[in-house]
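Just so it is clear, none of the values below were taken in a lab; they were calculated from the coordinates. As the structure is a prediction and not an experimental result, all values here were calculated from the model. So basically every Cβ, Gly included, is an ideal-geometry build from the backbone, and we count neighbours across all protein chains shown.
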Amino acid sequence: MRAEVLKGHLEGMILAVLESGPTYGYAVIETLRERSDGEVSLPSGTIYPALRRLESAGLVSSGWSEVGGRRRRTYEKTPAGCEAL
């Protein structure tokens, strides 16, 4: 998918993925790919800055979790993120 198509929509798409609960960045990428039948295939260099923007805006919060012995930063919507969605 071309970048100009995503402008203005990426943050909303991420918030929609987080609707089902906290998750980590790579899982957001995979969920977007699955839900779009492969049309939205984003590099991590696109998702992580968007997640940081959402966190700075108070729409997403993050924390660390351990999965299979590996630490991952997980993201979840805040009440403001729920309202924005």
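Under unit Cβ charges (Lys, Arg +1; Asp, Glu -1), what dipole magnitude, rounded to 20 debye, does the stretch 25-85 have relative to its Cα centre? Please report the intermediate quantities before stating the final value.
Details: 9 positive and 8 negative charges, 60 e Å.
For the stretch 25-85, the charge dipole is close to 280 debye.
The trypsin sites (Lys or Arg not before Pro) of the chain meeting both criteria, a DSSP state outside H, G, I, E and B (loop) and at most 12 other C-beta atoms within 10 angstrom of the site's C-beta, are ARG2, LYS7.
On full extension of the chain, what length is gained from TYR26 through HIS9, given 0.36 nm per residue of separation minus the C-alpha to C-alpha distance? Don't skip to the end; give the middle numbers.
Details: separation 17, 0.36 × 17 = 6.12 nm, distance 1.84 nm.
Computed gain between TYR26 and HIS9 is 4.3 nm.
Across the options LEU85, ALA57, THR74, the greatest Cα extent toward the positive end of the charge dipole of the stretch 38-85 (unit charges at beta carbon of Lys, Arg, Asp, Glu) belongs to THR74. Within the listed set THR74, THR46, THR31, the residue fluctuating most in the Gaussian network model of the chain (springs between alpha-carbon atoms under 10 angstrom) is THR46.
Per residue and in Å³, how big is the convex hull formed by the alpha-carbon atoms of the chain?
Values: hull volume 8.0 nm³, N = 85.
Output value, Cα hull per residue: 94 Å³.
Taking each residue as 0.36 nm, the span from THR46 to GLU34 lengthens on full extension beyond its C-alpha to C-alpha distance by 2.6 nm.
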